[in-house]
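Notes follow once the structure below has been shown.
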Amino acid sequence: MSTRPVGVVTRGTTAQRRLRRVDRRLLVDLDAGWSAHAAPGVFGPRQRFAGAARDLRSRGWPVLDGPARWRRGEVAVSWKALGVPAR
């Protein structure tokens with residue numbers, strides 16, 4: 001028998017809440033870049049995503065990789081930007 005009722009959502013630690021806020025900012029900035037690059041979308045989603053990732057980098061996010069990974073739909077951001085200690 002569990003002492004924690006099923007379905008109860010816990011608030012999490014302070015670090016987890018801070019990480020969620022940063023994740024939200026990252027996704028909002030990425031979404032803004034995606035919207036801004038609708039015109040190159042006629043060349044396909046790869047070009048549109050690459051433009052959005054370029055925008056993310058120009059907004060100050062420490063994007064680690066370059067256009068080759070962006071064309072595959074991948075973007076990597078430094079752990080330091082998320083407030084998580086490196087392992």
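Can you pull out the residues in region 44-54 that are surrounded by fewer than 19 Cβ atoms within 10 Å (Cβ to Cβ) and at pLDDT 90 or above? Selection gives ARG54 alone. Considering each residue of region 6-16 in turn, none proves to be at pLDDT below 85, part of a helix (DSSP H, G or I), surrounded by 10 or more Cβ atoms within 10 Å (Cβ to Cβ) and among the β-branched types (Val, Ile, Thr).
The values are calculated or read from the model by the stated rules, or taken from the named source; none is laboratory data. The model shown is predicted, which means the values in this text are computed figures rather than measured ones. In this analysis, Cβ positions are derived from the backbone assuming ideal geometry, glycine residues included, and neighbour counts consider all displayed protein chains.
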